[in-house]
Amino acid sequence: MPRTFCWLAVLFAVSLHAAERPRIVGIANIAVKVDDLEEARKFYSGVVGMAEAFATRDPAVAGDLACFKLNDHQYVEVSPTLKDQSEDRLIRIGFETNDARELRDYLAAKGVQVPSRIDQDANGNRSFVVQDPDGHSVEFVQYMPGSIHSRNFGKHLAPTRISDHMLHVGVRVVDPAKSDAFYKDILGFRLQWKGGSTDNHFDWISMMVPDGYDWIEYMVRETTPTPRTLGILNHYALSTTDIQQVYKTVVERGYKPSQEPAIARDGRWLLQLYDKNFTRTEMMIRKPVQTPCCSPNLDDIKQ
C-alpha cells in the first residue's frame, strides 16, 4: 500500500474517532450555595429526606460541600459560602459520561473551551467543567473505581427520601437558540417538550440527555431576575408516583409548602419546595395526566 494512502487512512480513522461523542447518560449532580449549613441540613435531610453521605470538593468554592445522596449516581451538593443575598445560588449542574477524557477531546474539536487535560479530580473521579452560553458551569463526570462516590455505592440510601431519582435540572436561559447550539447541536440533547404561560410563547424548554431520559430545562427569562426568582429558575426536580403522599410527608416533617400540588401547563402533577435561600426542589409525576399545552410531549421513556 502506498505510504501516502496509509497516512490518509490513519488520518481518516483519527477524524472519525474524534467525531464520536461519548455517552452522556443522565444528571449527576447539582451544587448550590447556602448561608447556613445547619438550616440546609434541616431541609435536604429533614424534609427531602436525603442522607448526608460524605463531603466533596469543588475548585469553584472554598472548603467542603455537604453531599446529599439520591442514588449512587445523583447528588445534591451544598456549600455554605453564600455571603451576599444578591448572589446566584447555583454553583454548577453536572451530567454523567462514560468517558470524560474522550468527551473533553470531542468538545475541544467542536470549539468549546475545555481544560488542557483531565486528571483525577479532588473526589477521585475524572471530571471537567465547561461554561454554557449563559455562563452556567456544566460538569461532566465519569465515576471512577476508588473515588469517594464509588466507595460509597450501595450506602447512604436513606429510606426517608421522598424520591430516589433526579429527573431534571433547570437553569435560566436568555437566548434558547444559543443554548441549543451547545446542548442540542454539540452535545446531542433532544427535545422533550416546550411551553409557556401562554400557548404561543415558550418559557420552558425541556431537552433530554442524548443517551438517557433525564433532562435540562431551559428557564427562559430575558430580564434580570431577583435572587428569589433565580432560585426558582435554577432548580432541580425529583420524581414521584404519588405527589399527594409526598405533600403529606413533608407537612408531617414540619414543612408547609406555599401551595398544594397542582397540575401544570405540561399536564403533570407538580409540588414546589424551597430551602431557606430560595433554591427550588420541584416534585413531579413524570407521566402527564392532561394533554400538555403548546407542543406535543416527545418523552420517549417507557412508562
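Annotations for the structure displayed:
- Residue in the range 251-264 that is in contact (Cβ under 8 Å) with a residue 40 or more places away in the chain and of a type in the set (A, V, I, L, M, F, W, C) present: no
- Residue in the range 32-45 that is surrounded by fewer than 20 Cβ atoms within 10 Å (Cβ to Cβ), β-branched (Val, Ile, Thr) and in the same structural domain as Met144 (by TED's automatic domain parsing) present: no
- Gly231 being part of a helix (DSSP H, G or I) and either within 27 Å of Tyr213 (Cα to Cα) or in contact (Cβ under 8 Å) with a residue 24 or more places away in the chain (or both): yes
- Some residue of the range 157-164 being under 28 Å from Phe202 (Cβ atoms) and either touching a residue at least 24 places away in the same chain (Cβ under 8 Å) or in contact with a strand residue (DSSP E or B) (Cβ under 6 Å, 6 or more places away or on another chain) (or both): yes
- Condition check for Val61: crowded, with 19+ Cβ neighbours inside 10 Å, hydrophobic (A, V, I, L, M, F, W, C) and at pLDDT 95 or above: no
- The residue that is modelled with the lowest pLDDT, among those in the range 88-107 that are among the charged types (D, E, K, R) and not in a strand (DSSP E or B), is Asp88.
- The test for being within 23 Å of Gly231 (Cα to Cα), of a type in the set (A, V, I, L, M, F, W, C) and either in a loop (DSSP other than H, G, I, E, B) or modelled with pLDDT under 95 (or both) holds for Leu82.
This table checks each residue for (1) more than 23 Å from Asn29 (Cβ to Cβ); (2) touching a strand residue (DSSP E or B) at 6+ places or on another chain (Cβ under 7 Å).
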site	(1), (2)
Asp175	yes, no
Ala181	yes, no
Ile216	no, yes
Asp266	yes, yes
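- The lone exception for Thr226 - which of (1) surrounded by 15 or more Cβ atoms within 10 Å (Cβ to Cβ); (2) modelled with pLDDT under 95 it fails: (1)
- Those residues of the range 229-250 which are surrounded by fewer than 22 Cβ atoms within 10 Å (Cβ to Cβ), of a type in the set (Gly, Ala, Ser) and within 24 Å of Lys178 (Cβ to Cβ), in sequence order: Gly231
- Qualifying residues in the range 8-19 (those that are surrounded by 11 or more Cβ atoms within 10 Å (Cβ to Cβ) and either small (Gly, Ala, Ser) or within 30 Å of Ile301 (Cα to Cα) (or both)) - the one modelled with the highest pLDDT: Ala18
- Entry remark, the range 233-276: residues being within 27 Å of Phe202 (Cβ to Cβ) and either of a type in the set (S, T, N, Q) or touching a helix residue (DSSP H, G or I) at 6+ places or on another chain (Cβ under 6 Å) (or both) number 9 in total.
- Qualifying residue in the range 41-55 (condition: modelled with pLDDT of 95 or more, more than 21 Å from Tyr255 (Cβ to Cβ) and touching a Lys or Arg at 6+ places or on another chain (Cβ under 9 Å)): yes
- Inspection of the range 104-126 identifies at least one residue that is under 30 Å from Gly46 (Cα atoms), in contact with a Gly (Cβ under 7 Å, 6 or more places away or on another chain) and assigned by TED's automatic domain parsing to the domain that holds Gly46.
- Scanning the range 125-173 for residues that are in a loop (DSSP other than H, G, I, E, B) and among the hydroxyl-bearing types (Ser, Thr, Tyr) yields Tyr143, Ser147, Thr160, Ser163.
The values are calculated or read from the model by the stated rules, or taken from the named source; none is laboratory data. What you are looking at is a predicted structure, and each value in this text was computed from that prediction instead of being measured. Neighbour counts are summed over all protein chains in view; Cβ atoms, including those assigned to glycine, are modelled from backbone coordinates with ideal geometry.
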